[in-house]
Amino acid sequence: MTLTSQERALVARARAFADQDLVPAAEACERDRAPDLAALRAAAGLGLTSIQIPGAQGGLGMSFAAKSEIAEALARACFGFSMAILNTHNTAWRLAKLTDNPLAQRLFPPMMAGETTGCAALTEPGAGSDFASIATRAERIPGGWRLNGAKAWITNAQHASVAICFAQTGTQGDGAGIGAFIVEADRPGFSRTPDSGTFAIHANGIGGFSLTDYEAPEEALIMEPGAAFRQIMSEINGARIYVAAMCLGMVDAALDSATAYGKSRNSFGKPLGQHQGWRWRLAGAEAELAAARALVRKAEAEHSAGEDTQLIAAQAKYVGIGLANKHIPELLHAHGASGLKADSLFSRHIAGMQAASFADGSTEIMLERIGRLARP
Ligand SMILES: Cc1cc2nc3c(=O)[nH]c(=O)nc-3n(C[C@H](O)[C@H](O)[C@H](O)COP(=O)(O)OP(=O)(O)OC[C@H]3O[C@@H](n4cnc5c(N)ncnc54)[C@H](O)[C@@H]3O)c2cc1C
């Protein structure tokens, strides 16, 4: 799919931001073991929390394909940050679409402006891949709902002021009983749990929260039981495609770094890049990056056109993860020991490629999906 000139310009701005501003910000996140709220606000200032929000609501009205290419550009510097800004974007976009819901209409503008952040909370301490088995409960009370439970491994949960929180209204294990609720962090009954204690990807702000007799108004129910499970499983295809695009970004940046290193580092009297055996490692990555990119661009185009992308999204994520997991360690190896330096991009991308293989569905879940759909 061909992006418009405005979309291409925004992708270019995101890439310049990633290469110039985000690299040092992401290094600081790892040193400080904390997300960088100022960098998230700066990204929002560039328009990265408004991408798909319609122009009539103050957004940019751009395509899914543009968002995915922006995700790729940002992941060149930091997978965790790319996920974080997209999760705020997606929360704001989801709320903006609910034009007849006053609560949603009140919450999305500050999020789009970068003043607040948002998250989508499916995963729990006891339920990841098996989403239908979530234990967070929502019970009807006069005028609304009472929620109890806990969420874990949620991007932005360390600071998000709004969560789209999935909870069971019926019997645990029954996907049809799951609904989605707007949860506000400043209401009684909400408390954050400490960050997940990951060894890297701190820019992601990954963490959890618990809900104890949290009371939500009627209008907080934004995806009805019966529809929510199907809706989120269908929307997650977009996330799988842009996570695949993020894998392209990480490999692309690793190739840039290796190419530069091959020109500056000598061994046996000539630059590394002039040793055929050394160069082949980069050439293999280049060829497989091109193949993966073709698949991801096709998936983005189909998703932007509103087609059913269940199969191609799973294929793209599987291929993107495979590309990153094969070539990022290989490209680190091409740097020799200096690839292990604390400020090397590999300190983020090794963790990023691993995190990518869980976020929005693990590799095994992609294989399950492909196995069921490819040749029914
Ligand atoms: C960086 C990052 C950001 C995230 N952000 C969010 C977020 O914003 N919101 C959110 O809700 N969640 C988020 N998650 C959580 C993510 O969705 C889960 O990690 C993912 O669904 C897998 O769940 P799990 O980690 O509990 O693994 P489990 O489901 O416990 O699985 C453990 C292992 O077993 C494998 N496995 C599970 N079932 C099967 C099976 N049937 N067949 C074969 N193998 C199987 C898995 O592939 C995995 O390797 C994030 C995770 C990461 C790493």
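Just report the Cα centroid separation between the stretch 321-371 and the stretch 11-64, whole Å.
Centre-to-centre (Cα) distance: 22 Å.
Below 15 angstrom from the Cβ of T259, what's the summed charge of the other residues (Lys, Arg +1; Asp, Glu -1)?
0
Within straight cross-link reach of K263, meaning Cα distance under 26 Å, which lysines are found once same-chain residues fewer than 8 apart are removed?
Filter leaves K326, K341.
Using Cα-Cα distances under 8 Å and only pairs 6 or more residues apart, what relative contact order does the chain have, in percent?
Across the chain, relative contact order equals 16 percent.
Placing +1 at every Lys and Arg Cβ and -1 at every Asp and Glu Cβ, with all other atoms neutral, what dipole size does the stretch 43-145 have around its Cα centre, in debye to the nearest 20?
Computed charge dipole of the stretch 43-145: roughly 160 debye.
Compute the accessible area per residue over the stretch 107-156, keeping the other protein chains in place, probe 1.4 Å, unit Å².
Using a 1.4 Å probe on heavy atoms only, each residue of the stretch 107-156 averages 40 Å².
How far is helix 276-304 tilted, in degrees, relative to the longest principal axis of the Cα atoms in the chain, given as a value from 0 to 90 rounded to the nearest 10?
30 degrees
If the chain between A16 and E368 were fully stretched, how many nm would it gain, using 0.36 nm times the residue separation less the Cα-Cα distance?
Net length gain for the segment: 123.0 nm.
Could you give the dipole magnitude of the stretch 85-175 about its Cα centre, charging the beta-carbon of Lys and Arg +1 and that of Asp and Glu -1, in debye to the nearest 20?
Computed about the Cα centre, the dipole is about 180 debye.
Ignoring ligands, DNA and RNA, please state the percent of accessible area on the chain from carbon and sulfur, probe 1.4 Å.
55 percent
Hey, which lysines would be in cross-link range of K151, C-alpha to C-alpha under 26 Å, not counting anything within fewer than 8 residues on its own chain?
Here the lysines satisfying the reach criterion relative to K151 are K97, K317.
Note down the magnitude of the dipole of the chain about its Cα centre, charges +1 on Lys and Arg C-beta and -1 on Asp and Glu C-beta and zero elsewhere, to the nearest 20 debye.
Taking the Cα centre of the chain as origin, the dipole is about 1020 debye.
Helix-only mean residue ellipticity at 222 nm, the chain, DSSP H runs n ≥ 4 weighted -39,500 (n - 2.57), per residue, nearest 500. What is it?
The per-residue figure over the chain is -16500 deg cm²/dmol.
Using only the Cα atoms, work out Rg/Rh for the stretch 119-225, with Rh taken as the Kirkwood radius, to two decimals.
In the stretch 119-225, Rg relative to Rh is 0.96.
Quick check: Cα centre of the stretch 163-231 to Cα centre of the stretch 264-296, how many Å?
45 Å
Of G144, A299, Q20, whose Cα points farthest to the positive end of the dipole of the chain (charges on the beta-carbon: +1 Lys, Arg; -1 Asp, Glu; origin at the Cα centre)?
Q20
Can you give the longest stretch of the chain with no exposed loop site, where a site means trypsin sites (Lys or Arg not before Pro) in a DSSP loop (not H, G, I, E or B) with at most 12 other C-beta atoms within 10 Å?
The longest uninterrupted stretch comes out as 34-340.
Which chymotrypsin sites (Phe, Trp or Tyr not before Pro) in the stretch 232-302 pass both tests, a DSSP loop state and at most 15 other beta-carbon atoms within 10 Å?
Answer in residue order: F268.
Can you tell me, using C-alpha contacts under 8 Å and at least 6 residues apart, the relative contact order of the stretch 119-225 as a whole percent?
32 percent
Report the label-to-label distance for A28 and R187 in nanometres (one decimal), using points 7 Å from each Cα along the Cα→Cβ vector.
Result: 3.5 nm between the two label points.
Determine ³J(HN,Hα), in whole Hz, for all residues of the stretch 27-33 in sequence, where each value follows from phi through the Karplus function 6.51 cos²θ - 1.76 cosθ + 1.60 and θ = phi - 60°; x replaces Gly and Pro.
Running phi through 6.51 cos²θ - 1.76 cosθ + 1.60 with θ = phi - 60° gives 4, 5, 4, 5, 5, 8, 6 Hz.
Given 0.36 nm per residue, what is the gain on full extension from A9 to Q105 after removing their alpha carbon distance, in nm?
In short, 31.7 nm is gained.
Quick check: residue separation of A290 and E224 times 0.36 nm, minus the Cα distance between them. What number comes out in nm?
Contour length minus the Cα-Cα distance gives 19.6 nm.
The values are calculated or read from the model by the stated rules, or taken from the named source; none is laboratory data. Note that this is a predicted model, so its numbers are computed, not measured. Note that we place each Cβ from the backbone using ideal geometry, even for glycine, and neighbour counts take in every protein chain shown. Only protein heavy atoms, including side chains, enter the accessible area calculation; ligands, DNA and RNA are left aside. Shrake-Rupley method; radii C 1.70, N 1.55, O 1.52, S 1.80 Å.
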